[in-house]
Structures are given as C-alpha cells and as structure tokens.
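Undergrad: Quick one: structure below, then a few questions.
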Ligand SMILES: [Zn+2]
C-alpha cells in the first residue's frame with residue numbers, strides 16, 4: 001500500500017475533498033468520480049502521461065494485483081513518474097495555465 005499512500009498523500013482528489021466539504025464536486029474533469037483508482041488506471045485525461053511513462057493503466061479490479069505490480073521496482077518507478085506528471089498537469093489545469 002506504500003504507493004497508494006504516496007498518492008493519497010497529495011490529498012487533492014475531489015472525492016476526498018468533497019466528503020470533507022472542501023470541494024463542491026466529487027467528479028473528475030472527465031465526469032466520473034475522482035479518486036486514486038480513477039486517476040491511476042482509468043481516466044482518459046491522463047492517457048498521454050500514462051503512455052509516456054509506460055504505465056499500463058487498468059490492470060484489473062483487485063487491489064492485490066496492484067500491490068503485486070508495485071513489488072516490481074521498475075513498475076513502481078513508472079508509477080511514480082506517472083503520478084508526478086499527473087500532478088503537474090493537474091496543477092496547471094487548476095491554475096488555468098494552457099500547456
Ligand atoms: Zn477522469
């Protein structure tokens with residue numbers, strides 16, 4: 001769960017913020033509920049980042065498979081690169097800066 005811990009450490013998912021009254025929506029920019037799983041595996045807004053980091057995207061429904069994946073150092077590093085790019089992009093989107 002270390003990877004997930006890192007991800008949630010950013011604390012900026014709308015699902016999380018919305019439950020705490022810090023965001024008026026729990027949705028992602030693509031219209032689905034925004035949480036760690038959605039961003040790491042599903043969201044089309046980050047396809048480009050996923051591709052450039054060779055992160056595989058959706059790998060199955062069980063958390064266990066995710067944990068197994070992260071036992072590989074290589075995959076873990078890919079995920080961390082992906083996450084870094086995603087959060088940079090999110091910050092830019094939030095500030096309304098065009099890429
Ligand atoms: Zn999305």
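Undergrad: Yes or no: segment 57-65 includes at least one residue that is touching a helix residue (DSSP H, G or I) at 6+ places or on another chain (Cβ under 7 Å), in a loop (DSSP other than H, G, I, E, B), at pLDDT below 90 and more than 16 Å from the ligand (Cβ to nearest atom).
TA: Yes; the residues of segment 57-65 include at least one that is touching a helix residue (DSSP H, G or I) at 6+ places or on another chain (Cβ under 7 Å), in a loop (DSSP other than H, G, I, E, B), at pLDDT below 90 and more than 16 Å from the ligand (Cβ to nearest atom).
Undergrad: Another question, if that's okay. Which numbered condition trips up residue 12, out of (1) over 19 Å from residue 85 (Cβ atoms); (2) modelled with pLDDT of 70 or more?
TA: (1)
Undergrad: Scan segment 23-41 and tell me whether some residue there is within 16 Å of the ligand (Cβ to nearest atom), at pLDDT below 90, at positive phi and outside any helix (DSSP H, G or I).
TA: no
The values are calculated or read from the model by the stated rules, or taken from the named source; none is laboratory data. Predicted model, so just to flag it, every value in this text is computed and none were measured. No Cβ is skipped: glycine too gets one built from the backbone with ideal geometry, and neighbour counts run over all protein chains shown.
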